[in-house]
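This report refers to the structure that appears directly beneath it.
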Amino acid sequence: MIDYLTERTRLTGLALDKVGGSSQAFDNLYLPTLHRAGFVAPEYASGQTGDHVPGGHVMESVPGLYRNVLVLDFKSLYPSIIRTFQIDPLGLTLGLRQQDAGENHTVPGFLGALFSRDQAILPGIIEHLWQARDQAKQDGNAALSQAIKIQMNACYGVLGSDVCRFYDQRLSASITMRGHEILTETAVQIEAEFGFKVIYGDTDSVFVWLGNDLSVQQADAQGPKLAGALNHWWQERIQKTYGLTSALELQYEACYLRFLMPRMRDSELGSKKRYAGLRQAPDGSSTLVFKGLEQVRSDWTRLAKDFQQTLFAQIFADQPAKR
C-alpha cells in the first residue's frame with residue numbers, strides 16, 4: 001500500500017494523504033497543457049446538465065449450464081474510448097464552435113457533443129499514461145502499474161462529477177454511451193460473423209459460448225483468434241465510419257470449462273453480476289470462480305459457502321449430487 005501511495009503521489013503531484021483527490025489530480029495533469037495551448041479553464045463546473053447519463057452496460061444474460069465459455073475483455077475500455085474518439089473538454093468547446101464545418105473537422109459524441117479533430121489534450125495524456133503503464137508492467141513495477149490504471153480510469157470519473165471544473169454530461173455520456181454501443185456491436189458481430197452465442201456482457205467484457213462439442217484445447221485456441229479478428233474488425237469499422245484510428249484492444253481473458261449463469265430468484269430471467277465457472281489455467285489446472293454468489297458474500301455462513309463450493313465442484317466434474 002505504501003508503494004502504491006508513493007507512486008500515486010509522484011504521478012498526481014498530490015500530498016501522500018491527499019491522493020484520493022481525483023479532481024485535483026486531474027487538474028494537475030490537464031491544466032499545464034491547457035495553459036500552454038493558450039487557454040484557461042473555468043473556475044467552477046459550468047457544462048451541460050439535466051440529462052440522464054447511464055453507467056456501464058450490463059447485458060441481459062442467458063441462464064443455463066454451459067461448457068466452453070470464453071471471456072473477452074476490452075483493455076481499459078473507457079480510456080481507449082477517450083483516445084479513439086478524441087473526447088476532451090477543450091475539444092468539446094472547439095468542436096461545438098466548428099459544428100458548421102462538417103465531419104472533416106469534428107468527431108460526433110452523444111447528447112449533441114462534437115469534438116475537435118485537430119486540438120485535444122486528454123487523448124494525449126491518456127496515451128502517455130497507457131505507455132507508461134505498459135512499461136511499468138514490463139519492469140514488474142506493480143505499484144506504479146496500479147497507480148496509473150487508477151489515474152486513467154479517474155480521468156473518466158471526474159468528468160462525470162460536478163466537483164470537477166470540467167464537468168459536462170456530454171463528456172461523460174460520450175464515454176459511457178459509446179461503451180454501450182461498442183459492447184452491443186461486439187456481441188452482434190460475434191454472433192453474426194462467427195456463429196457463437198454471447199450469453200452475457202458487463203461494461204467491458206463479453207461471455208461467449210462456443211458450444212459443448214469442442215475439446216478444452218480447441219476452445220482455448222479460439223480465444224486469441226476471436227479477439228484478434230474482432231480487433232481488426234473494429235479498426236476497419238472506426239476508420240471507415242469516422243476516419244479515426246482505433247485504440248480499442250479486445251483481449252482473451254479466460255476459458256471456462258464449465259459455466260453456470262443462474263436465474264434470478266422467482267423468475268425465469270437470467271441474473272446479472274452473478275455466475276460461477278470452472279476456469280482453465282495456462283498450466284492446464286482449473287480453478288472454481290464465483291462472482292456475486294453466496295460463496296463470496298460476507299453475509300453468508302461458512303457452512304453455506306463450503307456447501308456451495310462442494311456442490312459446484314461435483315456438478316462441474318459431472319459427478320452426482322447426492323442428497
- line: If every Lys and Arg gets +1 and every Asp and Glu gets -1 at its Cβ, then about the Cα centre region 274-323 yields a dipole, in debye to the nearest 20, of 160 debye
field: Other-chain or far-sequence residues with amide H under 5 Å of S286's (modelled H)
entry: A281
- prompt: Which Cα, out of I238, L210, A147, lies furthest along the positive dipole direction of the chain (beta carbon charges, K/R +1, D/E -1)?
  reply: L210
query: Separation of region 256-319 and region 37-64 by C-alpha centroid, Å?
result: 33 Å
field: Per-pair calculated FRET efficiency, R0 = 25 Å: Q99 and E181 via Cβ, rounded to 0.05
entry: 0.75
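Mind running the shape call on region 60-208? Use the C-alpha gyration tensor, a ≥ b ≥ c as the square roots of the eigenvalues: rounded below 1.5 for a/c, prolate if a/b tops b/c, oblate otherwise. Provide the component values of the computation, followed by the final result.
Working: a/c = 2.16, a/b = 1.33, b/c = 1.62.
Here region 60-208 falls in the oblate category.
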- prompt: Using the Karplus equation 6.51 cos²θ - 1.76 cosθ + 1.60 (θ = phi - 60°), what ³J(HN,Hα) coupling, rounded to whole Hz, does each residue of region 64-72 give in order, writing x for Gly and Pro?
  reply: x, 10, 10, 10, 6, 10, 9, 10, 10
Virtual spin-label span in nm between S267 and Q131, 7 Å along Cα→Cβ: 4.7 nm
statement: Non-local residues with an amide H under 5 Å from the amide H of G64, with H modelled 1.01 Å from N and Pro and chain starts lacking one, are M261
statement: With only helices counted (DSSP H, runs n ≥ 4, each -39500 (n - 2.57)), the per-residue ellipticity at 222 nm for the chain, to the nearest 500, works out to -14000 deg cm²/dmol
task: Using the Karplus curve 6.51 cos²θ - 1.76 cosθ + 1.60 with θ = phi - 60°, work out ³J(HN,Hα) for each residue of region 162-178 in order, rounded to whole Hz, and write x for Gly and Pro.
output: 6, 6, 7, 5, 9, 4, 7, 5, 5, 6, 5, 5, 5, 8, 5, 6, 5
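Report, please, the projected area of the chain averaged over directions, based on the convex hull of its C-alpha atoms, in nm². Don't skip to the end; give the middle numbers.
Working: hull surface 80.7 nm².
Its average projected convex-hull area is 20.2 nm².
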- request: Using θ = phi - 60° and the Karplus relation 6.51 cos²θ - 1.76 cosθ + 1.60, list the HN-Hα couplings for region 239-254 in order, rounded to whole Hz, with x at every Gly or Pro.
  value: 5, 6, 7, 10, x, 10, 8, 6, 9, 5, 9, 8, 10, 7, 9, 7
- line: Length gained, S298-S215, 0.36 nm per residue minus C-alpha separation, equals 26.3 nm
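Using the Cα gyration tensor of region 274-323, with a ≥ b ≥ c the square roots of its eigenvalues, what is the shape: rounded (a/c below 1.5), prolate (a/b larger than b/c) or oblate (neither)?
Details: a/c = 2.44, a/b = 1.26, b/c = 1.93.
Because a/c hits 1.5 or more and a/b fails to exceed b/c, region 274-323 counts as oblate.
Readers should treat all values here as calculations from the given coordinates under stated rules, not as data from a laboratory. Given the structure is predicted, the values throughout are model-derived calculations rather than measurements. Positions of Cβ are backbone-derived with ideal geometry, glycine not excepted, and every protein chain shown enters the neighbour counts.
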